[in-house]
Amino acid sequence: MATLSYSSPGIRNPVAPIISRAFVSLSKTLSIPPSTFPSSIDGAYRHRHRHRPLHPRPNSISESSVSPPASSKEEEEESGLEEEEEEVDPCVEVRYLDPAMEAGSIREWELDFCSRPILDERGKKVWELVVCDGTLSLQYTRFFPNNVINSVTLRDAIASISASLGVPLPQKIRFFRSQMQTIITKACNELGIKAVPSKRCLSLLLWLEERYETVYTRHPGFQQGSKPLLALDNPFPMELPENLFGEKWAFVQLPFSAVQEEVSSLETRYAFGASLDLDLLGLEIEDKTLVPGLAVASSRAKPLAAWMNGLEVCSVEVDVGRGCLILSVGVATRYIYATYKKNAATTQEAEAWEAAKKACGGLHFLAIQESLDSEDCVGFWLLLDLPPPLV
């Protein structure tokens, strides 16, 4: 376990592991080679979920919701194949609201407004608006020519989603492309919606991953090898603001079953934190598999957790070359969260932590406590590394 002061550039003298009763110190597992972590979990989402649809059959305004009855088993099979083809029709725009979902309960949307690797009849790249909620109970897509891309177009499109699906405008809309912040923020402000730059748009990112394979690559205008117009930023990490300083930290692990318990009780036990929809992610992790995390201790744990709660925490990663931990928040902000003195032991522990994260498909967590031997957390954030979208 590494223990250090955030205000000093180096590691303090090593001490015996002091951790919460629920946590397992990573240093206790270093005798296990990283290669022995579960290999059945593919760290790259796009390979693990290639054949797993993320959403139910959409109700599109451009297709019929009534299928003709089948008169035989053969006709039923043929009908099923036809419906499957219709489901991935690259020219169909999605208009879907889960009939079991109460429309007024969907208060937060995730939004992407960007060009796609598809050319229209003018030879220009098509733009697309993709909107969903965190559970994919709401889904909406719409294509646009590149000469109408502005905040007015987006504002009117957002309003039309509310009208066409019969749902109220959301309180918040998250988006992950920093280059679109001006347009999205202006459109949202005019509708009284809070625009939130955040890479915690996991449902949207996973849906885009699926749409790349089932829609964009099958579109007649698809351009193989076309690079994304608005690539995600990965800026050089900055110094950590003083209000985010902790006092000690430790690499820790929790069994996946315990992580699930933490997520299920997040709203009742903690004032601060964020969860992920593990069912939607479909991670094939055994209950006993240890999920890596970072435990941070501070005598001012509650104020620290409150500040962290407003940052849209995305991920924590180890930079072995620099001997530091990088905290990613929002859409384009990275902080040097902590540093450690590089030696064989600390490098091995850091590499083992990253290997454990990769073995869990990128799943990890951040826990804030009053002390490292505390039995309770003040804040708990479930995090996930995902590859950048292909569009």
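Close contacts from region 109-129, counting a first residue that is over 15 Å from Lys227 (Cβ atoms) and a second that is part of a strand (DSSP E or B) and of a type in the set (Gly, Ala, Ser), with Cβ to Cβ under 8 Å and a gap of 6+ residues or different chains, come to Val126/Ser115; Trp127/Ser115; Glu128/Ser115. Pairs under 7 Å by beta carbon, first residue in the same structural domain as Ser115 (by TED's automatic domain parsing) in region 142-155, partner assigned to a helix (DSSP H, G or I) and of a type in the set (Lys, Arg), six or more apart or different chains? Close Cβ pairs (under 7 Å, with a partner that is assigned to a helix (DSSP H, G or I) and of a type in the set (Lys, Arg)) amount to Ser151/Lys186.
When the test is whether a residue is touching a Cys at 6+ places or on another chain (Cβ under 7 Å) and crowded, with 23+ Cβ neighbours inside 10 Å, Arg177 passes it.
Pairing each residue of region 333-357 that is charged (D, E, K, R) with any residue that is surrounded by fewer than 18 Cβ atoms within 10 Å (Cβ to Cβ) and part of a helix (DSSP H, G or I), provided the two are 6+ apart or on different chains, yields C-beta distances under 8 Å for Glu351/Pro34. For region 109-130, the criterion of being surrounded by fewer than 19 Cβ atoms within 10 Å (Cβ to Cβ), part of a strand (DSSP E or B), aromatic (Phe, Trp, Tyr) and over 22 Å from the mean Cα position of the chain (by Cα) is met by no residue. Among the criteria (1) surrounded by fewer than 17 Cβ atoms within 10 Å (Cβ to Cβ); (2) over 19 Å from Ala301 (Cα atoms); (3) of a type in the set (A, V, I, L, M), the one Ala271 does not fulfil is (2). Taking region 132-240 and the strands (runs of 3 or more DSSP E) fully enclosed by it, the elements with 2 or more residues that are closer than 30 Å to Cys324 by Cα are at 172-175, 194-197. Taking region 129-166 as the range and being over 16 Å from Leu205 (Cβ atoms) and β-branched (Val, Ile, Thr) as the test, the residues that pass are Val148, Ile149, Val152, Thr153, Ile158, Ile161. How many residues are buried (at least 17 other Cβ atoms within 10 Å of the Cβ), under 20 Å from Ser178 (Cα atoms) and not β-branched (Val, Ile, Thr) if we restrict to region 193-249? Final tally of qualifying residues: 15.
When restricted to residues that are surrounded by fewer than 23 Cβ atoms within 10 Å (Cβ to Cβ) and either small (Gly, Ala, Ser) or more than 16 Å from Phe380 (Cα to Cα) (or both), region 250-266 contains 4. Can Ala250 be described as of a type in the set (Gly, Ala, Ser) and without any contact (Cβ under 8 Å) to a residue 24 or more places away in the chain? No.
Quick one: would you say Leu304 is assigned to a helix (DSSP H, G or I), at pLDDT 95 or above and either surrounded by 20 or more Cβ atoms within 10 Å (Cβ to Cβ) or at positive phi (or both)? Criteria met by Leu304.
Residues in region 264-301 that are in a helix (DSSP H, G or I) and of a type outside the set (D, E, K, R) were compared, and the one that is nearest to Leu325 (Cα to Cα) is Ala301. Could you look through region 320-358, keep only residues that are assigned to a strand (DSSP E or B) and touching a helix residue (DSSP H, G or I) at 6+ places or on another chain (Cβ under 9 Å), and pick out the one that is surrounded by the fewest Cβ atoms within 10 Å (Cβ to Cβ)? Only one residue tops the list, namely Tyr335.
The values are calculated or read from the model by the stated rules, or taken from the named source; none is laboratory data. For clarity, every value in this text was computed on a predicted model and none was experimentally measured. With ideal geometry, Cβ positions are generated from the backbone for all residues, glycine too; neighbour counts draw on all protein chains shown.
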